[in-house]
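The values are calculated or read from the model by the stated rules, or taken from the named source; none is laboratory data. Note that this is a predicted model, so its numbers are computed, not measured. As a convention, Cβ positions derive from the backbone with ideal geometry for all residues, glycine included, and neighbour counts pool all protein chains shown. Remember, those area values only see protein heavy atoms, side chains included, never the ligands or the DNA or RNA. Shrake-Rupley method; radii C 1.70, N 1.55, O 1.52, S 1.80 Å.
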Amino acid sequence: MQKKVMIAVPVTLGFLALAALHVQFQPSSTARVIRRGNRLSFLTGRVAFAPRYLGTSCLIALHDGRPEFARSFSVENHDGLTFPVDVSFDYKNATAMIGTWPDGTWCTALDRKVETVVRVWASSIASARILDDPRVAGVAASETLQASMRASGVQSEHAAVRVKVPAPLLALRRIPAISAKAGKSPPVIFIGLDGADWELLDGYMKSGLMPNLAQLVREGSGGVLLTQHPPLSPLVWNSMMSGRSPLDHEILDFTRFNPSTGSREPITSDERRVPAIWNMETWAGKSVVSMGLWATFPAEAVNGLLVSDRLFTFLYNESVPPPGVVFPPSREQWARKALEEVEQQTSYETLRSYMPWLTKSEYDERIASKDPYAHPVSALRRILVETGVYDRLAKSYLSEHRPDLTIVYFQGTDSIGHVFAPFSPPKQPEVSEEDYEKYHAVPERYFQHIDSMLGEYRKIAVASGARLMIASDHGFRWHEGRPTQFSSFAAATAAKWHREEGIFLLWGPGISARPGHTGRGEVIQVCATLLALTGLPPGTQITGPPLPGAQATGTAPVDYSAHYQRAETAPVPATSSAGNEEELAKLRSLGYIGSGESMAAAPGSVESGSTRTAGSYNNEGLILRNQKRTGEAIAAWDKAIQIDPNLASALWNLSDTLFAQDRDLDKSDALLVRGFAHGLPEGEKFLIGRAIGYQRSGKIDRSVELMNKAVAAEPDDPNVRMFRGRYLVEEHRCQEAMADFLAAQKLQPRNPAAYNSAILAALCLGDSGAAQRNLQQSLAINPDQPQLRAMVRKMGL
């Protein structure tokens, strides 16, 4: 008995092993497909005879007894845009696969076959066909798929391809209410030259340094563009591109607080609340290109190409641009490659053509700096790379395409001024002879390069029948009126280098020649001008009319804003904390963030969804005050100070407005003193000016009290000490006045004014000896003081 059992066990095990090789158990509503080369066997039922050694097998789903296919894929279309698609169909059991099929089981082979067919179909389809009607595009795709399956031996039925449009790509849809009113027009190439100024350019044209611009001026129609206030690039350029006030588009600062992390970062495209010209052109079915403009990262979806300001940014020194700098994404590697090539080609020899004295060792030392704007050599290289990359990308694209509107923005025409205008002729007393000789010729060489670029764009325009438009956001103080005491880079003082008068110029088919810069307009009219030049209807909320030289289409206005949906919140940049700190250091060095400003949002503000900085509210207050909306301006400055209690410009703006209205003078004076204590530019001037104003209006007590607070806030400021001392002399508080003058002498021992002031205090005290000693010390420092000598003779000292 035991022997029989021992024999039965191996037999049973053998039988089970044999069954495992030949029999498959499968769930209901499924079938097993065995593939042997190109031969197929479909096995249904819960138990199927399917020898494993005769081929590969897999389970498929059944629907009403028929095999069913259902999968989702991500495909890229002709324009490089990515769309998700859902594919489904059922099919008859096939016995053979015709033609070439992928290796693997039937399931994997069918997946790959279907995916290949759908991808090939998508690669030939333009975005407009998908976006205008995704359902119709899906029907065409299903017909293509069904035909391909039939040719490959699969009798498919009820094929359905559903093309989905991701939310960001909805912005690409043509809007009939706009496209129906869009007329035909020549292409337009818009060149933005930040800070370009006729006072400088006219001189260069007259001397023969800019012959291409001179020809455009002779043959075109141009004039002066008045800027808006405050004349800060992100605010102004977004007004130019949208035709709306910063109060409407809400790009109000260089930076924002990231809504996810609360950390400070450059202003992003998702902060803009109104459509820009590239949105309007897209909705009209026009093609558009935009290169390098402020606040365009992440790159928005456009019918064409958008390269954002973060590919190579004026503010940062990023070694690798973040994801999302280009739309469509398929163009990102192309743009990155161009950047790499321009950086490699902007070499020592390139800079030597601007600075012939430059040695290789100094060049290597300067470009190794982590702060490129800390020295003119490294700053120039950065400006040249930035100029070169956007120029190269624009010309590369224009060599292959004919967009309806091309926008190319060059920050370098402004930044070259911020770096080198202090050295330009005529030489300022504050500039050494050595630095003047090194740097004074750099601007004219850079603008010669810009002129050469303009000549190339003119040739492109001629070849394509395009019109050219050139514009700047403001002018620049290159010669007379240049500040002598204020940084050209600090945010609080950089605008003091700007002139209100920027430039504009129109040239090309249909533009009448009007030489002499006779036209007049405002920066906010640029959008209306581009709409007119590209044949689009005016906008109901867009400031017009078009600038002189451009004619409106005559069609009824449309409400572009009604079709605009603000972009989704920008993703948190995938950079290291060290990288973020380095980037913020750049902003500080350029003055776009004050040394005392917070790098993170206030507690609770991220949760409330606020991204706004104190600077944005400060700028909002300035705009509101210019519009005579004083109460709202005061509220904006109060908000700025709530976010950053030490923001000197907001403290001053609120103080000055309250003082002008003779309102809450105690608060006004306290704000002024706080601003002075936190680095307010010209803080001493404002303090002393107000004190004099109080004195002239008979409020000498307020004058003294104001200066008392100023000395308490900044006891080591010699000028404030001297000014208070003079008030104390007038009040016959002579000993206190002498203490102030002695403190000023200690702080500035080589300032004759401190000793001259002490003469008055000594005479007030009746101490002629002290008066004589201070007189001698003052004249020893500066013997050339005829007024002092005359006063001394009069007093008999």
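Data for the structure
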| item | result |
| --- | --- |
| Unmet requirement for LEU169, which otherwise passes all of (1) under 19 Å from the mean Cα position of the chain (by Cα); (2) under 30 Å from THR611 (Cβ atoms) | (1) |
| Any hit, region 243-250, residues being in a helix (DSSP H, G or I) and touching an Asp or Glu at 6+ places or on another chain (Cβ under 8 Å) | yes |
| Out of PRO298, PRO328, sole residue that is within 24 Å of VAL75 (Cα to Cα) and under 16 Å from the mean Cα position of the chain (by Cα) | PRO298 |
| Residue satisfying all of: in region 400-427; touching a residue at least 12 places away in the same chain (Cβ under 8 Å) and open to solvent by 20 Å² or more (accessible area, probe 1.4 Å); nearest to SER287 (Cα to Cα) among these | ASP404 |
| Residue match in region 328-346 (condition: free of Cβ contacts under 8 Å to residues at least 40 places away in the same chain and either open to solvent by less than 20 Å² (accessible area, probe 1.4 Å) or in contact with a Lys or Arg (Cβ under 9 Å, 6 or more places away or on another chain) (or both)) | no |
| Enumeration of residues in region 200-232 that are surrounded by fewer than 24 Cβ atoms within 10 Å (Cβ to Cβ) and either part of a loop (DSSP other than H, G, I, E, B) or at pLDDT below 95 (or both) | SER207, GLY208, LEU209, GLY220, GLN228, HIS229, PRO230, PRO231 |
| ALA461, sole failed condition from (1) open to solvent by 10 Å² or more (accessible area, probe 1.4 Å); (2) in a helix (DSSP H, G or I); (3) hydrophobic (A, V, I, L, M, F, W, C) | (1) |
| Residue match in region 137-151 (condition: open to solvent by 60 Å² or more (accessible area, probe 1.4 Å), part of a helix (DSSP H, G or I), of a type in the set (A, V, I, L, M) and closer than 28 Å to ASP404 by Cβ) | no |
| Cβ pairs under 8 Å, 6+ apart, first in region 463-478 and over 23 Å from GLN551 (Cβ atoms), second at pLDDT below 95 and assigned to a strand (DSSP E or B) | HIS474/HIS498; HIS474/ARG499; GLY475/HIS498; GLY475/ARG499; PHE476/HIS498; PHE476/ARG499; ARG477/HIS498; ARG477/ARG499 |
| Matching option when the condition is free of Cβ contacts under 8 Å to residues at least 40 places away in the same chain, among the small types (Gly, Ala, Ser), open to solvent by 40 Å² or more (accessible area, probe 1.4 Å) and closer than 23 Å to ASN751 by Cα, among ALA677, ALA712 | ALA712 |
| Hits in region 55-65 - residues which are modelled with pLDDT under 90, in a strand (DSSP E or B) and surrounded by fewer than 16 Cβ atoms within 10 Å (Cβ to Cβ) | HIS63 |
| Condition broken by PRO571, with the remaining ones in (1) at pLDDT 95 or above; (2) open to solvent by 60 Å² or more (accessible area, probe 1.4 Å); (3) not polar (S, T, N, Q) satisfied | (1) |
| Any hit, region 762-770, residues being open to solvent by less than 30 Å² (accessible area, probe 1.4 Å) and among the charged types (D, E, K, R) | no |
| Subset of region 501-536 (residues that are over 22 Å from the mean Cα position of the chain (by Cα), farther than 16 Å from SER221 by Cβ and crowded, with 24+ Cβ neighbours inside 10 Å) | LEU531, THR534, LEU536 |
